[in-house]
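Worksheet for the structure shown next.
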Amino acid sequence: MVRGFAILLALQFLGEMISRGFGIPVPGNVLGMGLMLLALATGIVKVEWVREATDLLLSHLALFFVPAGVGVMVYFELIGREWLPIVVATLVSTFVVMAVTGWVALLLDRGRGGDAE
Amino acid sequence: MLNELLHSPLFGVGLTLLAYALGQKLYLRTGSIFFNPVAVSIVSIIVFLLILDIPYEVYAEGGQYVLFLLGPSVVALGVPLYTRRQEILARKGPILAGILAGSVSSVVSASGLAWLLGGSREVVLSLAPKSVTTPIAISIIEKIGGVAPLTAALVVLTGCLGAICGPEFCRLIGIRDLAAMGLAVGTASHGIGTARMLEIDRLGGAIAGLAIGLNGLATAFLLPLMFVFFR
């Protein structure tokens with residue numbers, strides 16, 4: 001468990017270094033996710049080393065967003081001033097994105113399956 | 001003495017865990033998607049702080065420790081991506097095309113609707129990266145010139161929305177395949193939606209995690225280009 005956490009934090013640290021060092025607009029933890037993939041694929045890190053820590057974190061992923069969400073209270077005034085465009089655009093757009101993304105993927109998946117047969 | 005304790009991490013961490021535990025209990029009891037644990041925790045903590053007149057900054061002294069774990073959790077998403085790599089690679093075309101279409105439609109529909117409804121320039125711009133994970137959204141907004149704190153708030157609202165009704169909405173419109181559902185929910189509502197997908201299905205959750213990174217990348221590259229025409 002401890003080894004797993006150490007590996008996760010080390011990869012995040014490496015990701016942060018790359019993100020800041022090269023001024024890449026992708027956050028260090030997302031780069032760290034790529035580095036994890038790379039480390040597993042090359043065999044530098046074994047899945048068993050990180051499985052326990054990873055399972056623990058991922059099964060409680062939602063919890064870690066709560067403090068960020070509470071931060072919304074600081075911007076209540078700003079949101080209150082233009083609530084109509086904000087609420088409608090956020091609501092409708094989120095559903096549009098899900099529909100477009102899902103349908104495009106399904107359509108291509110079906111198309112590909114059709115070609116193979 | 002009470003004031004001293006309020007400013008120790010005990011308060012923020014404790015309140016967060018308590019609210020989340022209660023939120024989860026409520027969710028399991030009622031089985032209703034509207035009692036999403038994240039949304040319930042956020043709302044109840046805000047109400048609690050407002051009633052007792054405790055500023056956000058005091059809560060954040062402990063809250064930041066909980067938030068810290070988000071970093072390694074995103075790194076951890078690399079593990080299910082690796083263990084399910086064959087299924088994901090077999091669908092790389094549909095996955096990439098879906099995310100690209102999602103990224104463009106998010107910017108166009110969010111900013112376009114806000115513009116049509118008479119939103120100010122700062123709101124229109126701040127809405128553009130709302131489907132992108134917070135740290136990427138902030139760096140994008142600094143480039144195109146919106147209001148970073150507003151964008152951060154909109155990203156969280158979008159995430160909660162996707163977590164509360166994403167999977168149900170997908171089923172409603174015929175996206176029942178769990179991989180496609182994960183792709184849709186992750187592209188539309190980043191990490192908070194991904195957390196919900198992970199509860200439903202590990203492969204769907206892994207693909208949602210992949211979508212956080214790829215949608216962030218796609219939007220970071222495409223958005224400044226799209227706004228060249230807007231100016």
For chain A, which DSSP H helices look membrane-span-like by this rule: Cα extent along the axis of 15 Å or more and mean Kyte-Doolittle of at least 0.5? A:2-21, A:28-41, A:83-116
For a label point 7 angstrom out from the Cα of A:Ile18 toward its Cβ, which stretches of segment A:29-66 have the backbone nitrogen within less than 11 Å? A:29-39
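Below 13 angstrom from the Cβ of A:Met73, what's the summed charge of the other residues (Lys, Arg +1; Asp, Glu -1)? Display every interim value, and only then the final one.
Values: positive: none; negative: A:Glu77, B:Asp53, B:Glu57.
Result for the neighbourhood of A:Met73: -3.
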List the aspartates and glutamates whose Cα sits under 16 Å from the Cα of B:Lys143, skipping any in the same chain fewer than 8 residues away. B:Glu122
Relative contact order, percent, chain B [alpha-carbon distance under 8 Å, six or more residues apart]: 19
Can you give the angle from 0 to 90° between the axis of helix B:37-51 and the longest principal axis of chain B, with both taken from C-alpha atoms, to the nearest 10? 40
Summing +1 per Lys or Arg and -1 per Asp or Glu among the other residues with Cβ less than 12 Å from B:Val40's Cβ gives +2
So which aspartates and glutamates pass the test for B:Lys92, namely a Cα distance under 15 Å, with those fewer than 8 places away in the same chain ruled out? A:Asp109
Run the helix sum for chain B: -39,500 (n - 2.57) per DSSP H stretch of 4+ residues, divided by residue count, reported at 222 nm to the nearest 500 deg cm²/dmol. -27500 deg cm²/dmol
Taking θ as phi - 60°, what are the ³J(HN,Hα) couplings along segment B:75-84 by the Karplus curve (6.51, -1.76, 1.60), each to the nearest whole Hz, with x for Gly and Pro? 4, 4, 4, x, 5, x, 5, 6, 5, 9
How far is the Cα center of segment A:55-75 from the Cα center of segment B:36-69, in Å? 10
For segment A:65-117, shape from the Cα gyration tensor axes a ≥ b ≥ c, cut at a/c of 1.5 then a/b versus b/c, turns out oblate
Radius 13 Å from Cβ of A:Leu9, net charge of other residues (Lys, Arg +1; Asp, Glu -1): 0
Note down the magnitude of the dipole of the protein assembly as shown about its Cα centre, charges +1 on Lys and Arg C-beta and -1 on Asp and Glu C-beta and zero elsewhere, to the nearest 20 debye. 660
Any chance you could check the Cα centroid distance between segment B:119-150 and segment B:160-231 for me, in angstrom? 18
If I fit a long axis through the Cα atoms of helix B:134-144 and take the longest principal axis of the Cα atoms of chain B, what angle between them do I get, 0 to 90°, rounded to 10? 60
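Let a ≥ b ≥ c be the square roots of the eigenvalues of the Cα gyration tensor of the protein assembly as shown; is it rounded (a/c under 1.5), or, if not, prolate (a/b larger than b/c) or oblate? Kindly include the intermediate steps, with their values, before the conclusion.
Details: a/c = 1.44, a/b = 1.11, b/c = 1.30.
Cα axes put the protein assembly as shown in the rounded bin.
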Relative to chain B, whose Cα atoms define the longest principal axis, helix B:202-230 and its Cα axis are tilted in degrees, nearest 10, by 70
Show me the GluC sites (Glu not before Pro) within segment B:54-132 that DSSP assigns to loop and that have at most 15 other Cβ atoms within 10 Å of their Cβ. none
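Nearest 100 Å² is fine: what is the total accessible surface buried where chains A and B meet, probe 1.4 Å? Please list the in-between numbers first.
Values: alone 9570 and 13000 Å², together 15530 Å².
So the buried area, both faces added, is about 7000 Å².
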Spatially proximal aspartates and glutamates relative to A:Lys46 (Cα-Cα < 18 Å; intrachain offsets below 8 disregarded): A:Asp55
Relative contact order, percent, of chain A when contacts are C-alpha pairs under 8 Å separated by at least 6 residues? 21
Based on the Cα atoms of segment B:148-231, what semi-axes does the equivalent ellipsoid have, where each is the square root of 5 times one gyration tensor eigenvalue, given in whole Å with the largest first? 24, 14, 12
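The values are calculated or read from the model by the stated rules, or taken from the named source; none is laboratory data. Model, not experiment: these values are computed from the prediction. Note: ideal-geometry Cβ built from the backbone for every residue, glycine included; neighbour counts use all protein chains shown. These accessible areas exclude ligands, DNA and RNA; they are computed on the full protein's heavy atoms, side chains included. Shrake-Rupley method; radii C 1.70, N 1.55, O 1.52, S 1.80 Å.
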